[in-house]
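Taking it in order: structure first as structure tokens, then the write-up.
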Amino acid sequence: MRAVVVYESVFGNTHRIAEAVAEGLRQEIGDVTVLMPDVVTDTSIEGTDLVVVGGPTHVHGMARPSTKHDGVEQAEKAGSDVDEQAYGETLRHWFDGIGRHEGEAAAFDTRFDASKLITGQASHGIRKRLRRHGWTVSTEPESFIVDGENELLDGELDRARDWGAGLARSFVTRHATD
């Protein structure tokens, strides 16, 4: 079995969550790759059994080039670390450039520690796009929380590992008789 985790990140939190999700997936699915949207092509995900996609929540949804640019400027002004992927393509751009696929998928996001009604969730837009591209999304999107200083809350990386492991167990169980 093969899984790919695709992530977009500005401050590095979503990148760290993506790596933790991949660690959890590896407990049941040995071949797991973590990639940025810039390098993921139809060919690189062809034949993948499970695709997990995540990004930061910007202005109630998925990042746009303008909101990503604003995030990078904010991070640079604050002296924060800027993730290597921050200067790359958005997930929206990646989705616009890929075709239809088969298999299963899951979505996650990072967002501020407030009600979903206030922050929104990028993972809902990610889930919609995954479905439009043909993937079956059999699990609810998951949010991982950052504080007002743009730092992951304590325990979120462990929760991401556990979520990834749960995705993998569920996937393996559904396909054990295939």
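The values are calculated or read from the model by the stated rules, or taken from the named source; none is laboratory data. The structure displayed is predicted, hence computed values, not measured ones. Please note: Cβ atoms are built from the backbone with ideal geometry, for glycine as well, and neighbour counts cover all protein chains shown. Surface areas here come from the heavy atoms of the whole protein model, side chains and all, with no ligands, DNA or RNA. Shrake-Rupley method; radii C 1.70, N 1.55, O 1.52, S 1.80 Å.
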**Request:** Return the residue satisfying two criteria in turn: it lies in the range 113-130 and is closer than 15 Å to His101 by Cα and free of Cβ contacts under 8 Å to residues at least 24 places away in the same chain, and of such residues it is surrounded by the most Cβ atoms within 10 Å (Cβ to Cβ).
**Result:** Arg127
**Asked** Can you tell me which residues in the range 111-130 are modelled with pLDDT under 95, of a type in the set (Ser, Thr, Tyr) and outside any loop (DSSP other than H, G, I, E, B)?
**Response** Thr119
**Message:** Could you go through the range 70-90 and let me know if any residue there is surrounded by 12 or more Cβ atoms within 10 Å (Cβ to Cβ), modelled with pLDDT of 90 or more and not in a helix (DSSP H, G or I).
**Reply:** no
**Message:** Out of everything in the range 17-61 that is among the polar types (S, T, N, Q) and either part of a strand (DSSP E or B) or open to solvent by 50 Å² or more (accessible area, probe 1.4 Å) (or both), what residue ends up being farthest from Ser143 (Cα to Cα)?
**Reply:** Thr43
**Request:** Please specify each residue of the range 160-178 satisfying the condition of being open to solvent by 80 Å² or more (accessible area, probe 1.4 Å) and at pLDDT 90 or above.
**Result:** Asp162, Arg169
**Message:** Any residue at all in the range 135-154 that's modelled with pLDDT of 95 or more, out of contact with any Gly (no Cβ under 8 Å at 6 or more places or on another chain), open to solvent by 30 Å² or more (accessible area, probe 1.4 Å) and over 23 Å from Leu117 (Cβ atoms)?
**Reply:** yes
**Asked** Could you count how many residues in the range 131-148 are farther than 22 Å from Glu19 by Cβ and part of a strand (DSSP E or B)?
**Response** 1
**Complete:** Within the range 149-178, of all residues that are part of a loop (DSSP other than H, G, I, E, B) and in contact (Cβ under 8 Å) with a residue 24 or more places away in the chain, the one farthest from Asn13 (Cα to Cα) is His175
